[in-house]
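Some notes on the structure that comes next.
The values are calculated or read from the model by the stated rules, or taken from the named source; none is laboratory data. Note that this is a predicted model, so its numbers are computed, not measured. As a convention, Cβ positions derive from the backbone with ideal geometry for all residues, glycine included, and neighbour counts pool all protein chains shown.
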Amino acid sequence: MDIYSRTHIGYFSFSCVSGLAGSTFSAVRKSRYFFYSSVYGGLSSIVFNFLLIPLWGIWGAVLSVVLSFMVMSVSRVAYSWTYVKLTISPVCY
């Protein structure tokens with residue numbers, strides 16, 4: 001698998017997790033957590049861009065977007081954890 005496919009998988013995975021955890025904020029009417037997690041994602045994107053673009057060029061920009069989505073997803077999961085306990089259950093065959 002090439003790097004292009006890996007970055008798309010990372011982007012879409014974190015985007016899905018972010019959307020899933022973000023739906024909790026709509027249900028409990030706490031929209032400020034959307035704002036907080038978006039600010040964390042935006043600030044981390046700026047920091048990652050300054051760090052990674054000089055090193056890797058366009059791939060540094062791609063990686064910074066994926067990492068900023070990861071930061072936003074983790075913060076949304078952490079905030080939504082106070083309302084809904086998200087667990088990963090093992091799949092039984």
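Some points to look at:
- The set of residues in region 22-40 being modelled with pLDDT under 90, in a helix (DSSP H, G or I) and surrounded by 14 or more Cβ atoms within 10 Å (Cβ to Cβ) consists of 22, 24, 25, 33, 34, 36, 37, 38.
- Filter result for residue 47 (under 19 Å from residue 76 (Cβ atoms) and at pLDDT 90 or above): yes
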